[in-house]
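S.K.: Below: one structure in structure tokens.
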Amino acid sequence: MDFEIRPCASMEDVRQAITPIGYYFGRSMPDESQAERLTRVLPAERVYAAWEGGRAVGGLGAFPFHLTIPGGRVSAAGVTIAGVLPTHRRRGVLRAMMRALLDACYRQGEPVAYLWATEDTIYGRFGFGLASFTAEIDLPRERSAFHVPFANAGRVRLASPAVAEELVSPVYERVAAVTPGMFARSSAWWQARTLADPSWRRGTGGDLQCAVFESEGRPAAYALYRMNSIFERGLQTGSVTVIEAIGQSPEATRSIWRYLLDIDWMARVKASLLPLDHRPLFLLAEPRRLGFSLRDGVWVRLLDVKAALSARSYQAQGPVIIEVIDEFCPWNAGCWRVGADGVDRTDKAPGLRCDVSALGSVYLGGFGWTQLARALRVQEVFSGAAAHADALFQASSAPWCPEIF
Ligand SMILES: CC(C)(COP(=O)(O)OP(=O)(O)OC[C@H]1O[C@@H](n2cnc3c(N)ncnc32)[C@H](O)[C@@H]1OP(=O)(O)O)[C@@H](O)C(=O)NCCC(=O)NCCS
């Protein structure tokens, strides 16, 4: 190994560490403002880099998140900025950084790590399992009538993103606190990430816009979006790109989506990173017109099986015994008795046997044991164990993470 792995100690180190991932987005050395904005939400010591001759050839970091899981919240490492310069690929740089980062997160008492994978081939080997689906839509606006028309019991007003935090963050928090897959946003996160509008983020779209739906005088839903106004031979062909539309009640969610679907000049409404139980799918008269399409969502890795499983809630059922295989974090390997009354090691015979990545897949409630057993990702040692574990692990809503980090 001709490189050294160590955490960053300064803003300049962080600037170096994000250079490899920036390279793949077509950028040269990031400027100081990018590193400064990142360190507002990602402390330098949580960013690892592979150093060679005084410069970073790879980078990997972990946001300190409070992740919502069925029944509560847990400290979680939000793995990010994974990148290795093309000059140094496939020499084990990512593997070495992952080792250092996950070991440090485990030592600091973060039982879970999660991430968005740009390539779905990379993270299974490190024990991450696909934990949610996410959906995209691309809807012609003239086909956006609702199944049942409704009278809006509130009003929408525009807010400048610069002052929107106070209005929208309580709505987000109410939803995030009960939606597995979402994490709590600090004020720094709102300012440096969600509501920041640097030009490189805009693509072909306009400025970041914020609309707030108020019911009884108080914010109940909001949308962040961009307008892409295009005219071809005088005809409108542009679109609204919805970045995030969140409501604290079904009625408020319906109202903010109706607002988005009714903006004049826009031919289409596009959105991605939507939950599997996306409301317009059931609200629209012609749901097929949404072009609702699925892709993989977040990937979860249990760093500390006992702590992670203990933090979750379970439906009142008898326990299940799971034998876990974990090559990358061998301290998790062995048989675990998991029940509503606690999680502990056991020397009893397992009903299920699986790689730790399968535990990541079921952790947020997005996938079931029977589903994974049918796909041969879980071995059912005793017949009926998977169905029993499904009842135990059942969650009330599909996991959703509305943003890529
Ligand atoms: C993906 C990336 C970080 C891998 O870095 P790397 O240093 O080449 O990876 P390593 O040499 O440590 O490889 C680790 C393992 O992952 C595998 N691997 C790495 N990248 C892979 C890819 N893109 N597809 C499939 N397998 C991959 C390697 O074969 C190796 O497998 P093994 O340990 O089982 O033998 C690097 O290629 C990169 O920066 N790619 C572009 C940016 C990107 O995709 N980042 C990820 C964002 S989520």
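The values are calculated or read from the model by the stated rules, or taken from the named source; none is laboratory data. This one's a predicted model, so the numbers in the text were calculated from it and none came from an experiment. No Cβ is skipped: glycine too gets one built from the backbone with ideal geometry, and neighbour counts run over all protein chains shown.
S.K.: Somewhere in the stretch 40-54, is a residue hydroxyl-bearing (Ser, Thr, Tyr), outside the structural domain of SER187 (by TED's automatic domain parsing), surrounded by fewer than 16 Cβ atoms within 10 Å (Cβ to Cβ) and more than 30 Å from GLN315 (Cβ to Cβ)?
M.R.: No, that holds for no residue.
S.K.: I'm trying to understand the selection: among the residues of the stretch 230-274, which are among the charged types (D, E, K, R) and either over 22 Å from the mean Cα position of the chain (by Cα) or part of a loop (DSSP other than H, G, I, E, B) (or both)?
M.R.: Correct list: GLU232, ARG233, GLU251, ARG254, ARG258, ASP262, ASP264, ARG268.
S.K.: Ok, one more. Let me confirm something: among LEU195, LEU167, LEU130, which residue is within 16 Å of the ligand (Cβ to nearest atom) and either of a type outside the set (Asp, Glu) or in the same structural domain as VAL74 (by TED's automatic domain parsing) (or both)?
M.R.: LEU130
S.K.: Separate question: Give ALA145, ALA131, ALA96 a once-over and let me know the one that is closer than 21 Å to VAL74 by Cα and small (Gly, Ala, Ser).
M.R.: ALA131
S.K.: Within the stretch 247-266, does at least one residue satisfy the condition of being touching a residue at least 40 places away in the same chain (Cβ under 8 Å) and within 30 Å of ALA113 (Cα to Cα)?
M.R.: Checked the stretch 247-266: at least one residue is touching a residue at least 40 places away in the same chain (Cβ under 8 Å) and within 30 Å of ALA113 (Cα to Cα).
S.K.: Mind checking whether some residue in the stretch 164-181 is modelled with pLDDT under 95 and either closer than 24 Å to PRO111 by Cα or assigned to a helix (DSSP H, G or I) (or both)?
M.R.: There is no residue in the stretch 164-181 that is modelled with pLDDT under 95 and either closer than 24 Å to PRO111 by Cα or assigned to a helix (DSSP H, G or I) (or both).
S.K.: Can I ask one more? Restrict the check to the stretch 206-221 and report whether at least one residue is in the same structural domain as VAL269 (by TED's automatic domain parsing), acidic (Asp, Glu) and in contact with an Asp or Glu (Cβ under 8 Å, 6 or more places away or on another chain).
M.R.: yes
S.K.: Shifting gears a bit: I'd like the residue in the stretch 101-110 that is away from the ligand (no atom under 16 Å from the Cβ) and in a helix (DSSP H, G or I) and, out of all such residues, is nearest to the chain's Cα centre (by Cα).
M.R.: Of everything passing the filter in the stretch 101-110, CYS105 is nearest to the chain's Cα centre (by Cα).
S.K.: Ok, one more. Go through (1) within 12 Å of the ligand (Cβ to nearest atom); (2) in a strand (DSSP E or B); (3) closer than 23 Å to ILE325 by Cα for ARG125 and report which single condition fails.
M.R.: All conditions are met except number (2).
S.K.: Pick from THR80, THR134, THR68, THR87: which is touching a residue at least 40 places away in the same chain (Cβ under 8 Å) and either closer than 23 Å to TRP51 by Cβ or not hydroxyl-bearing (Ser, Thr, Tyr) (or both)?
M.R.: THR80
S.K.: Can you tell me which residue within the stretch 158-205, out of those that are among the polar types (S, T, N, Q) and in contact (Cβ under 8 Å) with a residue 24 or more places away in the chain, is nearest to PRO399 (Cα to Cα)?
M.R.: The residue in question is THR179.
S.K.: Can you tell me which residue in the stretch 17-29 is farthest from the ligand (Cβ to nearest atom), limited to those that are surrounded by fewer than 22 Cβ atoms within 10 Å (Cβ to Cβ) and not hydrophobic (A, V, I, L, M, F, W, C)?
M.R.: SER28
S.K.: Only one residue in ARG95, ARG40, ARG46 is within 9 Å of the ligand (Cβ to nearest atom) and modelled with pLDDT of 95 or more. Which one?
M.R.: Selected residue: ARG95, the only one of ARG95, ARG40, ARG46 that is within 9 Å of the ligand (Cβ to nearest atom) and modelled with pLDDT of 95 or more.
S.K.: When GLU119 is evaluated against the numbered criteria (1) at pLDDT below 95; (2) closer than 22 Å to VAL74 by Cβ, which criterion, by number, is the only one it fails?
M.R.: (2)
S.K.: Here is a further query. What do you reckon, is GLY59 within 22 Å of ARG40 (Cβ to Cβ), at pLDDT 95 or above and within 12 Å of the ligand (Cβ to nearest atom)?
M.R.: yes
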